[in-house]
Structures are given as structure tokens and as C-alpha cells.
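Below you'll find the structure, written out as C-alpha cells, and then a few comments.
FYI, it's all coordinate maths here, none of it is from the lab. The model shown is predicted, which means the values in this text are computed figures rather than measured ones. So basically every Cβ, Gly included, is an ideal-geometry build from the backbone, and we count neighbours across all protein chains shown.
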Amino acid sequence: MMKNNINYTFSQNKQNDSWDKMEMSRLPYHVAIIMDGNGRWAQERGLPRARGHRAGMESLRSAVELCLEIGIKILTVYAFSTENWKRPQEEISILMGLLYEYIQKELDELHKEQVKVRTLGRISELPAPAVYEIKRAQELTSKNKKLILNIALNYGGRTEIVDAARRIAQLAVQGKILPEEIDEELFQKHLYTGDLPDPDLLIRPAGELRISNYLLWQIAYTEFYSTSTYWPDFRKEEFIKALLSYQGRQRRFGGLK
Ligand code: FPP
């Protein structure tokens, strides 16, 4: 497998004025992304869908770079949903292969840049080579502190809530908690995201205005940003546009100004 020599510290690459408009003290702490539009991007170019997913992988690299450059602390990306198993077997294999390739190519650099790789989802149901690579990535990077990269794989928001409910029910059956002790805080701790704060910003490229079973619990007060740009074209400039939009919002969390 080819090794990559990408250097994730690109601060000298300020590309244009939009960087200067960003208020570094008002960045979202946690950004979630639905990486959508790979297939349409490829189709519009007369290319196989796999090429779209591969270009999408480059966008993921670029999103990680930007987070490292400007200091976003958590990036959560939707790479494979529990519903994606409905796709043709060939496409599923391509996506699993890309996951494997992504870790193989990027892990050393991610580790060097202090990125902690985590996953959300029923990982044990993925193909064995992918599970092996994921575990390797998690173990190697477990102590890193600069950025948490959460990759949602075989992930569904409803499944996550069901899994949390099961774990809590087990604790109750074992007599370790009482039903009346179950509150939002306790429930949240049993989600795949555990103690991580909820996303501040959710980005959905490719124009769809739906949530697609993503982080259902966690996005209660997340700011939503949609753009018609397909994920393979969603590079740093597009990311910065999303951040500027976020910085123009007033968050009230149900309260008043
Ligand atoms: C949705 O686009 C995208 C996916 C289902 C896969 C996302 C995967 C990647 C960006 C690359 C792989 C990276 C890792 C870490 C595995 P779509 O295919 O639904 O696009 P469409 O709606 O235009 O058909």
C-alpha cells in the first residue's frame, strides 16, 4: 500500500480573505459532517461511483487538516450508516476497502499530528480486516489530545439509542442503578459518544435537508448548515463558509437572548 507524505500542518496556506473573517475565539468545538454527494459528483463526470467515494476521502483529509490548523477539537463524520447495507454488494466492498485504505495511508500522520481516532457504531459487524484496522488506529492514537476524529461506521442514530437503552436496562437488572436514577445525563453517557459534548455545527453537503438517522440524540441544539456543493468538492474554502455561517448565528438553547 502506498504511503502518503501529507503534512497536516498547513497554516502557511491561508488561501484568501475568508480565513481572515473567521473569529478564532468563536469556533465550534465539535463539528459533525454528513459526507453526502459522492455518487452524484461521480455521475456528473461520467465516472464510476467509486471515484466519487475516493474523492470524498480526499475531502475528509482536507477537513481533518483544517480542524488541526484552526483548532476545532472534535470532528465526527458519517462514513457508513446502518442503512447503507442496502447498497449493492460491490459498493459496500468499495467503501470498506476505502476505510481500510484510509487508515493504512493516514494513520501514521494522524498519530503524528496528535489526532485521536474513534468510531461510532456497531463496529464488530464490519468485515474483519476493517475491524482490525480500526482497533489498531484506536489503540495507537488513544492518548492523543489535539483533535478527536470520530468516524461513524455501521452507525444509526436509532440503533445508538437502542444500544444505550439496552446497556442501561442491563445495569438496572443487575441492581446497579434504579429506574429513577435514569436522567438525560446518565443516558448520554451510554451513547457511543459517551462523555463528548454535542456537536455545535452539523454540515450537510449535496443539498439534502434531512438528518438521515445521524446523531439523533446529540443534535438537539446543533446549528445546521446545508450547501449544494457535493462532498468531494467540499474542501477548505467550503468548510470555512460553513464556519462563517455558524459564527453569524445566535444560539439560545431554548432560552432568550
Ligand atoms: C454518501 O454519498 C457517502 C457515503 C455513503 C460514504 C462516505 C464515504 C467517504 C467520504 C469515503 C470513505 C472514507 C472513509 C473514512 C470510509 P452517496 O454515495 O450517498 O452520494 P449520492 O447521494 O450522490 O449517491
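So how compact is region 11-113: Cα radius of gyration and Dmax in angstrom?
15.8, 45
Hey, can you grab everything whose amide H is under 5 Å from the amide H of residue 202? Only 5+ residues off in sequence or another chain; H modelled, so Pro and N-termini drop out.
For residue 202, the qualifying residues are 32, 223, 224, 225.
For Cα pairs less than 8 Å apart in space and 6+ apart in sequence, what is the mean separation divided by the residue count of the chain, i.e. the relative contact order in percent?
On the way: 379 pairs, mean separation 71.6, N = 257.
Relative contact order here is 28 percent.
Taking a threshold of 25 Å on the Cα-Cα distance, which of the pairs 112/241; 189/257; 105/135 fall above it? Let's see the in-between values first.
Values: 112/241 28 Å; 189/257 29 Å; 105/135 15 Å.
Where the Cα-Cα span goes over 25 Å, the pairs concerned are 112/241; 189/257.
Using Cα springs under 10 Å in a Gaussian network model of the chain, which residue among 98, 153, 110 shows the largest mean-square fluctuation?
For the chain, modelled as a Gaussian network with Cα springs under 10 Å, the answer is 98.
Taking the Cα atoms of the chain alone, what are Rg (to one decimal) and Dmax (as a whole number) in Å?
Looking at the chain, its Cα Rg and Dmax stand at 18.6, 59 Å.
Taking +1 at the Cβ of each Lys and Arg and -1 at the Cβ of each Asp and Glu, which of 155, 213, 70 sits farthest along the dipole of the chain towards its positive end, judged by Cα position relative to the Cα centre?
70
How charged is the neighbourhood of residue 172? Take every other residue with its Cβ under 13 Å from the Cβ of residue 172, and add Lys/Arg as +1 and Asp/Glu as -1. Spell out each step's value before the answer.
Values: positive: 166, 167, 176; negative: 180, 181.
Neighbour charge sum, excluding residue 172 itself: +1.
Mind checking which of 53, 111, 30 has the largest fluctuation in a GNM of the chain, springs on alpha carbons under 10 Å?
Ranking 53, 111, 30 by mean-square fluctuation puts 111 first.
In what order do 231, 217 fall by count of nearby beta-carbon atoms within 10 Å, going from fewest to most? Mind dumping the intermediate values first?
On the way: 231 31, 217 17.
Lowest to highest Cβ neighbour count: 217, 231.
With N denoting the number of residues in region 72-157, provide Rg(C-alpha) divided by 2.2 N^0.38 Å, to two decimal places. Could the numbers behind the result be given before it?
Details: Rg = 12.7 Å, N = 86, 2.2 N^0.38 = 12.0 Å.
Compared with the compact-globule rule of thumb, region 72-157 sits at 1.06.
Running a GNM on the chain with Cα contacts under 10 Å, which residue among 131, 31, 162 ends up with the highest mean-square fluctuation?
So, out of 131, 31, 162, the one fluctuating most is 162.
Ignoring everything except DSSP H segments at least 4 long, calculate the 222 nm mean residue ellipticity for the chain; use -39,500 (n - 2.57) per segment, divide by total residues, nearest 500.
Working: 8 runs with 107 residues, N = 257.
After summing the helix terms and dividing by the residues of the chain, the value is -13500 deg cm²/dmol.
Once amide H atoms are placed 1.01 Å from N in the peptide plane, what residues at a sequence separation of 5 or more from residue 150, or on another chain, have their amide H within under 5 Å of its amide H?
Amide H to amide H, under 5 Å and 5 or more residues apart or across chains, residue 150 pairs with 75, 76, 77, 118.
About its Cα centre, what dipole magnitude does the chain give when the only charges are +1 on Lys and Arg Cβ and -1 on Asp and Glu Cβ, stated in debye to the nearest 20?
Numbers: 37 positive and 34 negative charges, 39 e Å.
Dipole of the chain, to the nearest 20 debye: 180 debye.
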